[in-house]
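Below you'll find the structure, written out as structure tokens, and then a few comments.
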Amino acid sequence: MANLSSLTAINDLKKSIVIDEEALNKAGQDFLELCGKIDALLMDVTNMLEALKSGFDTPAGRTFMKSCENCLLEPIQQQKIVVTHIAENLLMAKNMYQSVFTDYRDVVYTLSN
């Protein structure tokens, strides 16, 4: 049975750990889900622009369509790169800290018994 000083040590240890394994995992998964939504948006905008192209088959129309691609598609593609990078880094951080989370659980278990 744990005595009062070991319970205090456990509580102090819990307060000092600020990396939340589940929060890292959830954030990484949420960003991956957002990547899927960005892909769907990119596909919708691409399809919309393809549908419009036939009505803009003039030099000015082609310039307009190129402008739409630059102003609509490129920012979405760049946003996806950033969101993907964030998702990968969050999941990588969770994996890098996995041994810390495991050791922490072991210490808490040991101090509890």
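Read-outs throughout are calculated quantities, based only on the coordinates presented, and are distinct from any laboratory measurement. What you see is a predicted model; the values in this text were computed from it and never measured. All Cβ positions, glycine included, derive from the backbone under ideal geometry; neighbour counts span all protein chains shown.
Tabulated values for the structure
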item	result
Fully extended contour minus Cα-Cα distance, from GLU74 to LEU42, at 0.36 nm per residue	10.6 nm
Net lengthening on full extension, MET96/ASP30 (0.36 nm per residue, minus Cα-Cα)	21.9 nm
Summed residue charge, Cβ within 11 Å of VAL83's Cβ, Lys/Arg positive, Asp/Glu negative	-2
Over 20 Å (Cα to Cα) - which of LYS26/LYS80; LYS37/LYS94; LYS53/LYS80 fall in this group	LYS37/LYS94; LYS53/LYS80
